[in-house]
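The values are calculated or read from the model by the stated rules, or taken from the named source; none is laboratory data. This is a predicted model, so every value here is computed, not measured. So basically every Cβ, Gly included, is an ideal-geometry build from the backbone, and we count neighbours across all protein chains shown.
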Amino acid sequence: MEWKEHYAQDHAQMDETHREFVALVDRLSRVKPEEVVEALEELLAHTGQHFAQEKAWMEMSGFPPMLCHVDEHARVLDSLEKVLAMTRQNNPGLGRIVARELEDWFIQHAATMDAALAAHLRQV
Ligand SMILES: [Fe+2]
């Protein structure tokens with residue numbers, strides 16, 4: 001997965017975090033089987049902070065569709081935790097599969113929910 005300029009939401013900190021997210025997903029899609037657990041742990045730690053930051057912005061700004069956005073984040077974190085647990089039980093091939101799923105998810109999520117959040121943050 002590589003960063004594309006149209007992923008940018010004209011919000012410097014959000015875009016920086018999203019660039020890091022894309023780089024970590026890319027790494028997960030390429031690492032050797034013995035490095036999948038570490039790549040997933042790093043992605044999970046980053047994603048937890050990334051979503052917590054967006055939630056703080058939503059709370060601070062009174063973002064109307066906050067619950068919907070936060071629910072979607074929670075589902076992603078939950079599946080990443082499950083994938084990490086399964087990978088630890090010796091299923092490293094899942095890393096590549098989840099990286100592909102996350103790429104599709106991110107493109108869709110950034111273009112809709114994060115774009116709406118960034119537009120809302122610019123207004124308030
Ligand atoms: Fe988001």
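Things worth noting here:
- Verdict on residue 52 being within 24 Å of residue 124 (Cβ to Cβ) and either part of a loop (DSSP other than H, G, I, E, B) or at pLDDT 95 or above (or both): yes
- For the criterion of being farther than 22 Å from residue 5 by Cα, away from the ligand (no atom under 12 Å from the Cβ) and acidic (Asp, Glu), residue 81 passes.
- When the range 70-105 is filtered for residues that are among the β-branched types (Val, Ile, Thr) and touching a Phe, Trp or Tyr at 6+ places or on another chain (Cβ under 9 Å), the ones remaining, listed by number, are 70, 76.
- Screening residue 102 against (1) in contact with a helix residue (DSSP H, G or I) (Cβ under 8 Å, 6 or more places away or on another chain); (2) more than 16 Å from the ligand (Cβ to nearest atom); (3) within 16 Å of residue 1 (Cα to Cα) leaves a single unmet condition, (2).
For (1) more than 25 Å from residue 9 (Cα to Cα); (2) among the aliphatic types (A, V, I, L, M); (3) surrounded by fewer than 18 Cβ atoms within 10 Å (Cβ to Cβ), each residue gets a yes or a no:
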{"site": "45", "(1), (2), (3)": "no, yes, yes"}
{"site": "55", "(1), (2), (3)": "no, no, yes"}
{"site": "59", "(1), (2), (3)": "no, no, yes"}
{"site": "62", "(1), (2), (3)": "no, no, yes"}
{"site": "68", "(1), (2), (3)": "no, no, yes"}
{"site": "82", "(1), (2), (3)": "yes, no, yes"}
{"site": "85", "(1), (2), (3)": "yes, yes, yes"}
{"site": "88", "(1), (2), (3)": "yes, no, yes"}
{"site": "93", "(1), (2), (3)": "yes, no, yes"}
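- Looking only at the range 21-43, and only at residues there that are of a type in the set (Asp, Glu) and modelled with pLDDT of 95 or more, the one that is surrounded by the fewest Cβ atoms within 10 Å (Cβ to Cβ): 38
- Residue count for the range 80-95 under the criterion of being in a helix (DSSP H, G or I) and under 20 Å from residue 45 (Cβ atoms): the result is 11.
- Residue in the range 28-37 that is assigned to a helix (DSSP H, G or I) and within 11 Å of the ligand (Cβ to nearest atom) present: no
- Looking only at residues of the range 109-124 that are in a helix (DSSP H, G or I) and surrounded by fewer than 12 Cβ atoms within 10 Å (Cβ to Cβ), we find that the one that is farthest from the ligand (Cβ to nearest atom) is 123.
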